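Trainee: Sharing a structure, written as structure tokens. Questions coming.
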Amino acid sequence: MTTSDRPRPLKEAARITQMLDQVFGTDRFNREPVDVAALAVEYSRRVAPESPIHEVVERNLPGCVGALVYSDVQPRQWAIMYHQEQSPGRRAFTIGHEFGHYVLHRPLIEQGVGFDGGIYCDEDSVIRRGGAGIEKEADEFAAALLMPLHDFRRRLPAKDRPDFDLLSRLATRYGVSLTAVILRWLEYTETRAIMVVSNEGFAHWAKPSQAALRSGRYIRTKDVVYELPAQSAAARADYSNEARQGIAQPANVWFPESVLEMCLRSDRYDQEIILLHFENDGPHYEAEDESKDVLDLFVDRGRTVTR
């Protein structure tokens, strides 16, 4: 199966979303999130009764957060596995990601070279949504299925700058993690914002909105060690309500311009989630530079130390 032959993630997610809206009503998220585990089993039985998903189970998957596996016998029988001790929100997105592989990539996984009994997905591909190719497609499917934009945007318009309270309510509404909600918002927001996930004074990874990226506001974490600014809430271990609501940081703390920094601590995963909001649209780079590698476009405005 070539890339052009594969089902498109947003189209397939929209098809299932329309089905769920018809069965449960367009106000269904007012009552409960998508039960993605039950959906995966039931939907697969309807579309592929000879080769369905039989179970969604927790397993110990060292180095992975989820997997879609198949049986040795023909026709293939399938199962979704998720790594143990994930929070309910992370688990839901993991299952949605593996369900995406089933809907979008089942023939490729079954017949392709390099897939030994299934596909195993790591944290970068699922939690951070940093994968490429079919991993990116599975993420797009999961995000669109669990957090449909037509509902999401009504509750968080593209021009709004949300706080953690609003984002946490959306995480509850869709039954996903706070990280998944922020990444979904960053996909469509017209504001300049950056999410940073850190621990012990260093950024593990970061994700900017497109508006932030176009203005050169980007934190490089690949192949470098990014030390948080000493004045930042996370570096000072300030997890107060004030830090959660937002601290106005002056210019030259994070970037050459001022920024509103929000910081939330997750003891379960031993990390901080930092949300940086910029006040205005900022400068834009010229269109002719867009053909270059994105990491080469922008001068790193923070402080980096090479390994």
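Trainee: Hey, among the residues in the range 72-90 that are closer than 14 Å to Val57 by Cβ and of a type in the set (A, V, I, L, M, F, W, C), which one's surrounded by the most Cβ atoms within 10 Å (Cβ to Cβ)?
Mentor: Ile80
Trainee: Of everything in the range 207-234, what is assigned to a loop (DSSP other than H, G, I, E, B), of a type outside the set (Ser, Thr, Tyr) and closer than 24 Å to Gly130 by Cβ? Give them in sequence order. So that I can check it myself, show each step before the final result.
Mentor: First, pick out the residues of the range 207-234 that are assigned to a loop (DSSP other than H, G, I, E, B): 209, 215-223, 228-234.
Next, from what is left, pick out any that are of a type outside the set (Ser, Thr, Tyr): 216-217, 219-220, 222-223, 228-231, 233-234.
Passing the criteria: Gly216, Arg217, Ile219, Arg220, Lys222, Asp223, Leu228, Pro229, Ala234.
Trainee: Going through the range 32-48 one residue at a time, which ones are over 17 Å from Pro75 (Cβ atoms) and without any contact (Cβ under 8 Å) to a residue 24 or more places away in the chain?
Mentor: Asp35, Ala38, Glu42
Trainee: Loosely packed, with under 15 Cβ neighbours inside 10 Å and at pLDDT 95 or above: which single residue out of Arg244, Arg161, Arg169 fits that description? Spell out the reasoning first.
Mentor: Details: Arg244 fails: loosely packed, with under 15 Cβ neighbours inside 10 Å; Arg161 fails: loosely packed, with under 15 Cβ neighbours inside 10 Å.
Exactly one residue qualifies, and that residue is Arg169.
Trainee: Restricting the search to the range 91-127, which residues are of a type in the set (Asp, Glu) and either buried (at least 24 other Cβ atoms within 10 Å of the Cβ) or at positive phi (or both)?
Mentor: Restricting attention to the range 91-127, the residues satisfying the condition of being of a type in the set (Asp, Glu) are 98, 110, 116, 122-124.
Scanning the range 91-127 gives a single hit, Glu98.
Trainee: Filter the range 215-270 for residues that are in contact with a helix residue (DSSP H, G or I) (Cβ under 8 Å, 6 or more places away or on another chain) and among the aliphatic types (A, V, I, L, M); which is farthest from Leu186 (Cα to Cα)?
Mentor: In this case the residue turns out to be Ala233.
Trainee: Does Val73 satisfy the criteria of being within 21 Å of Tyr174 (Cβ to Cβ), of a type in the set (A, V, I, L, M), outside any helix (DSSP H, G or I) and without any contact (Cβ under 8 Å) to a residue 60 or more places away in the chain? I'd like the intermediate steps shown before the answer.
Mentor: Details: within 21 Å of Tyr174 (Cβ to Cβ): no; of a type in the set (A, V, I, L, M): yes; outside any helix (DSSP H, G or I): yes; without any contact (Cβ under 8 Å) to a residue 60 or more places away in the chain: yes.
Answer is no for this residue.
Here is a yes/no grid of residues against (1) at pLDDT below 95; (2) not in a loop (DSSP other than H, G, I, E, B):
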| position | (1), (2) |
| --- | --- |
| Gly89 | no, yes |
| Phe93 | no, yes |
| Val103 | no, yes |
| Glu110 | yes, yes |
| Gly114 | yes, no |
| Ser125 | yes, yes |
| Arg128 | yes, no |
| Gly131 | yes, no |
| Asp139 | no, yes |
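The values are calculated or read from the model by the stated rules, or taken from the named source; none is laboratory data. Since the structure is predicted, the reported quantities are computational estimates derived from the model, not experimental observations. Counting neighbours? That spans all protein chains shown, and the Cβs are built from the backbone with ideal geometry, glycine included.
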